[in-house]
Amino acid sequence: MLVEKNVPLQALNSFRIIAKAYSLVRVASQADVQTALASAELAAQPKFILGGGSNIVLTGDVKPLVLKIEIMGRRLVQESAKAFVVEAGAGENWHNFVEWTLEQGYPGLENLALIPGTVGAAPVQNIGAYGVELQDRFDSLDAIDLQTGRIFTLNAAQCAFGYRDSVFKHAGASDGSGLGLAGRALITQVRFSLPKPWKPVLGYADLERKMAEQAVSEPTPQQLFQWVCDIRRAKLPDPNVIGNAGSFFKNPTVTPEQCADIIARDPKVVYYPLLDGSIKLAAGWLIDACGWKGKTVGHAGVYEKQALVLVNRGDATGGEVMTLAKAIQTSVYERFGIRLEPEPVVV
Ligand code: EPU
C-alpha cells in the first residue's frame, strides 16, 4: 500500500488553504480500506477521512493519516413502482452524480445540483438546498468501522439526520459506546431512493421567480436542474475561482419570543417559521445587517453577493478564516443576542 508523505492539500480543499498531510493513502475500494487497517505500519495511527474537502477549514498541517476517498461507481440497484434506488461510490463528485442520474432518467436530486464535494461527504452534513435535503432522498449507506475493519449498513434513522447534521458529525464515547460515529465510520457507498412519479419541489422564492420569469408552470427535472445551477452560479462563488466552503454558518433557530424581539428592533429580518413552532433566521441577513458583506480581514473575506459565505482572498490561512469567523460571531451576538454556529468542520 503506497503511503505518500508531505502531500500538499491546497488543491484538495475547496477553501484552497495551504497545508500538507504528513502521510496520505488513497483508497479506491472497501478492500483498500481494510488493507490499510490491517497494515502493521498504519493500523495504530489516528486517521482523517478526506472526501472532496469542501466542508473543512484546515488550521494547520494534518498529522493523522489522511485516507483520501477515491471509491467510484454509479449504478441503478433497484427499480420498483415506487422508486429508483441508485448507488454511488463515496468518491464520486456530487454534482456529476446528480447530472448522471438525470441523464439516465432517474430524477429527484435536481434541487441539489452544483453542491461542491463528494457523494460520501453528502450524508455527513445532510446537504440541502432549495427545499430538498439529502435525507429526503436517502435510502441507506455502507461504511467501514475504522477500529474493527467491519463493514456495516445504516438506514436513514440510524444516520440521525438533522439540519446540516448527522451521526457522522458527533463523537462517540471513548469506550466505544454512544451514538456518535465521527472519525470512526468511513462511508464507502451511498444509495438514494428517487420517488416515482417524480414531482418537482418548488416553493422556494428563487425558484418561484424563475418560473414566473420563464412563464413555466410545470417544469421538467432538467429545467429545475438548470435553474438551480443558474441561481447558485449567480450568488455563490465557484471554489475553482475563489476558495470557499459554501455557507460558513448554519441558519440559527430561535423561539417565537426571540424572533418577535428581533423583529421589533429590525423589522426587515428574514425568517422562516418551522413546523415544530420554532423559527429559523437567515444567518446571511444577520451578518449582512452587521455590515460584513464584502469586508476583508487579513487574507479572508466575506463574499460580496452572499454574506453567509467566507472566502479566501488569496493565501489565507485557516487561522485567518477562523479569526474572521469569530469577529462575525461576536458582532452578530452583540447586536442580536444570537450565537452563530459554523457549518464546516475545523481541522
Ligand atoms: N440574505 C441577505 N444578505 C446576504 C445573504 C442572504 O439579506 O448577504 C437574505 C436573502 O436575501 C434571503 C435570505 O437571507 O432572503 C436567505 O438567503 P439565501 O436564499 O441565499 O439562503 P441561505 O439561507 O443563506 C441556505 C443554505 C444554502 C442553500 C440555500 C438555498 C444554509 C446554512 N445555507 O442559504 O446552502 O444553498 O439556502 O437553499 O442552510 C451550504 O450549506 O453550503 C449552502 C450553500
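The values are calculated or read from the model by the stated rules, or taken from the named source; none is laboratory data. Since this is a predicted model, take the numbers as computed values, not measurements. In this analysis, Cβ positions are derived from the backbone assuming ideal geometry, glycine residues included, and neighbour counts consider all displayed protein chains. Protein only, heavy atoms only, side chains kept; ligands, DNA and RNA dropped before computing areas. Shrake-Rupley method; radii C 1.70, N 1.55, O 1.52, S 1.80 Å.
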- request: Taking the convex hull of the Cα atoms, report for the stretch 254-304 its projected area averaged over all directions, in nm².
  value: 4.2 nm²
field: Dipole magnitude of the chain, debye to nearest 20 (Cβ charges: Lys/Arg +1, Asp/Glu -1, about Cα centre)
entry: 420 debye
field: Karplus 3J(HN,Hα) series, Hz, for the stretch 238-249 with 6.51 cos²θ - 1.76 cosθ + 1.60 (x for Gly, Pro)
entry: 6, x, 6, 10, 10, x, 6, 10, x, 4, 8, 10
Estimated vicinal HN-Hα couplings, Hz - the stretch 65-75 in sequence order (Karplus 6.51, -1.76, 1.60; Gly, Pro = x): 5, 8, 9, 8, 7, 10, 7, 10, x, 9, 7
- prompt: Between LYS5 and ASP266, what length in nm is gained on full extension when 0.36 nm per residue of separation is reduced by their alpha carbon distance?
  reply: 88.7 nm
Cβ-based net charge around PHE336, under 13 Å, with every Lys or Arg adding one and every Asp or Glu removing one: 0
message: Using a 1.4 Å probe on the protein heavy atoms only, what accessible surface does ASP145 show? Give it in Å² to the nearest 10.
response: 10 Å²
query: Given R₀ = 22 Å, FRET efficiency for LYS326-ASP165 by Cβ-Cβ distance, to 0.05?
result: 0.55
- prompt: Regarding the stretch 74-195, what are the three Cα extents along the principal axes, ordered largest first, in Å?
  reply: 46, 27, 24
message: For the chain, what does the accessible surface come to per residue with a 1.4 Å probe? Please give it in Å².
response: 45 Å²
- prompt: After finding the eigenvalues of the alpha carbon gyration tensor for the stretch 243-346, what semi-axes result from the square roots of 5 times each, listed largest first in whole Å?
  reply: 26, 13, 11
- prompt: Expressed in whole Å with the largest first, what are the equivalent ellipsoid semi-axes of the stretch 4-69 derived from the C-alpha gyration tensor as the square root of 5 times each eigenvalue?
  reply: 21, 13, 9
task: Take the Cα atoms of the chain, build their convex hull, and give its volume per residue in Å³.
output: 147 Å³
field: Mean residue ellipticity (222 nm) of the chain, computed from DSSP H runs ≥ 4 via -39,500 (n - 2.57), nearest 500
entry: -7500 deg cm²/dmol
Long-range HN-HN contacts of GLU304 with modeled amide H, under 5 Å: GLY294
message: Could you compute the net charge surrounding LYS196? Neighbours are other residues with a C-beta less than 12 Å from the C-beta of LYS196; K and R count +1, D and E count -1.
response: +1
- request: Just report the Cα centroid separation between the stretch 96-155 and the stretch 198-224, whole Å.
  value: 23 Å
- prompt: With a sphere of radius 15 Å drawn around the Cβ of VAL85, what net charge do the other residues whose Cβ falls strictly inside it have (Lys, Arg +1; Asp, Glu -1)?
  reply: +1
- prompt: When every alpha-carbon pair in the stretch 134-219 is counted, what percent end up more than 21 Å apart?
  reply: 47 percent
